[in-house]
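The values are calculated or read from the model by the stated rules, or taken from the named source; none is laboratory data. Since this is a predicted model, take the numbers as computed values, not measurements. Heads up, the Cβs are rebuilt from the backbone with ideal geometry, glycines too, and the neighbour counts pull from every protein chain shown. When the accessible area is computed, the model is the full protein with side chains, heavy atoms only, and any ligands, DNA or RNA have been set aside. Shrake-Rupley method; radii C 1.70, N 1.55, O 1.52, S 1.80 Å.
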Amino acid sequence: MSQKKIQAIRGMNDLLPDQSPYWQYFEAQVQTLMQRYGYAEVRMPIVEQTALFARSIGEVTDIVEKEMYTFEDRNGDSLTLRPEGTASCVRAAMQHGLLHNQTQRLWYQGPMFRHERPQKGRYRQFHQVGVETFGLEGPDIDAELILLSARLWKQLGLLDHVTLELNSLGSLDARAAYRDTLVAYFEQHHELLDEDSRRRLSSNPLRILDSKNPDMAAMLDAAPQLMDHLDAESREHFQQLTAILDAAGIDYVINPRLVRGLDYYSRSVFEWTTSALGSQGTVCAGGRYDGLVEQLGGKPTPAVGFAMGIERLILLLETLELVPEEATPALDLYLLGMDAAASREALLLGETLREALPALRVQVHCGGGSFKSQIKKADKSGARLALLLGEDELAAGTVTVKFLRDDREQCSLPRDGLAAALSELLSVA
């Protein structure tokens, strides 16, 4: 009886060689940008104590109730694969004393895990870039995060394909008062609420505003708006934020139904959305969460951050054909040896050329085979040139150069000074 093949878990995908250059390109763009803005990288473990997410995200959110990968380890401790990065970053900053009388600008990237229905651009293991700042309470840092993300879109060629949406959730007290007003409104229209919204009515009514159910759209549009119930400080904070964005020439729309899905947000929240990916339109989201550090046992600390989904952004780059050719560089050289002695020499020549020309992309054929099969593999590799070594070339101290992408006659070059000759042919240093 043949054994059943083991396959990847649904919603947890392999990243294959034809895709990895897109990820490398995106990650390099992010890393360079963070360095330019003075943000320091932090790397957290993917497994945390379950209580971290229950206390930060909120016990009655969909993430905690339905989506977390939670298990008991051998000690009986409840552990969870992180469903988002902010709580982990706050925990790390608190644990290692990074928040004591100092400000921090941090960023991270890595996998997150949520057990939800997989769909294009949304997976059970997904990857995010996150940015978190601590100890800064003015609207200038909120604005900087938006400006930073806008610069990334500009670098990637996406700025004309995304829209910035803004809202303010106000203080916790103002939001609590608004919550009562909103619940009263929804109870008046109880018959229009779907099952999900009725469940949220007592636990998390603000999330009802985020519903995509078209049958509820008119009722939600007429709902009391949080912006009309803001406390004076939050209103001033939001006005200063929009003034900075206006001065910087950043276009935005104010979306009164933008509430974010996590309990810890307060004051300004934002999302970058696109219409190029159908219903999966949010590519970056964040906001201010001034109460989270205190909620997790630390001293009151103002904080603001965002996260962006890498899979969705790469899908957007591919959909719009915005990945530049240089992001997937081809090989420069493919070295072939026609017999055992020449194959050994080809390996050594490859090392010599890599030493002399650090930017050279060279692959040496391994595994033998006929001349015809080796040339076929050289062509399939995408290399610009094939270097051939055989008995005659070894005796003469030369290599034969075959042009794989240009209509040129093959030629012979001396091994002496080969690096300089190839550098001129290929324009590499």
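Step through the table entries 5/66; 154/212; 372/402; 5/120, compare each Cα-Cα distance with 18 Å, and write down the pairs that go over it. If you can, show how the numbers build up before the last one.
Details: 5/66 29 Å; 154/212 29 Å; 372/402 13 Å; 5/120 24 Å.
Correct reply: 5/66; 154/212; 5/120.
Which order do the peptides 175-186, 104-115 come out in when sorted by mean C-beta neighbours inside 10 angstrom, highest first?
Numbers: 175-186: 15.9, 104-115: 19.2.
By packing density, highest mean first, the sequence is 104-115, 175-186.
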Given H placed 1.01 Å from N in the peptide plane, which residues other than close sequence neighbours of residue 68 have an amide H under 5 Å from its amide H?
115
Between rounded, prolate and oblate, where does the chain land on the alpha carbon gyration tensor, with a ≥ b ≥ c its root eigenvalues, rounded for a/c under 1.5, else prolate if a/b exceeds b/c?
prolate
Interchain or long-range residues, amide H under 5 Å from residue 254's placed H:
166
Gain upon complete extension [residue 253, residue 73; 0.36 nm per residue less C-alpha separation]
60.2 nm
In percent, what relative contact order does the stretch 33-133 have, based on Cα pairs under 8 Å that are 6 or more apart in sequence?
29
Going by amide H atoms built from the backbone, whose H comes under 5 Å of the H on residue 383, apart from near neighbours?
331
So, with points 7 Å from each Cα along the Cβ direction, the residue 190-residue 222 label distance in nm works out to 1.8
Provide the gained length on full extension for the span residue 379 to residue 424, in nm with one decimal, where the gain is 0.36 nm per separating residue minus the Cα-Cα distance.
14.1 nm
Prolate/oblate/rounded label for the stretch 42-195 (Cα gyration tensor, a/c 1.5):
rounded
In nm, spacing of pseudo-spin labels at residue 51 and residue 359 (7 Å Cα→C-beta vector):
5.5
Projected label distance in nm at residue 23 and residue 410, using a 7 Å step from Cα toward the beta-carbon:
3.8
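Based on DSSP H runs of at least 4 residues, each adding -39500 (n - 2.57), what is the mean residue ellipticity at 222 nm of the chain after dividing by all its residues, to the nearest 500 deg cm²/dmol?
Details: 14 runs with 158 residues, N = 429.
Taking each H run of at least 4 residues, the total per residue is -11000 deg cm²/dmol.
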Is the shape of the stretch 163-289 rounded, prolate or oblate, going by the alpha carbon gyration tensor and its root eigenvalues a ≥ b ≥ c, with a/c under 1.5 for rounded and a/b larger than b/c for prolate?
oblate
When ligands, DNA and RNA are left out and all protein chains stay put, how many square angstrom of accessible area per residue does the chain have with a 1.4 Å probe?
51
Across bins of 10 angstrom width beginning at 0, how are the C-alpha pair distances of the stretch 1-121 distributed, in whole percent?
10, 30, 34, 21, 4, 1, 0
Under the span-like rule (Cα at least 18 Å along the axis, Kyte-Doolittle mean at least -0.5), DSSP H helices of the chain:
139-156, 172-188, 232-248, 340-356
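Report, to the nearest whole %, how much of the accessible area of the chain belongs to carbon and sulfur atoms, 1.4 Å probe, protein only. Write down the numbers at each step before the final one.
Working: 10610 of 21970 Å².
Result for the chain: 48 percent of the exposed heavy-atom area is carbon or sulfur.
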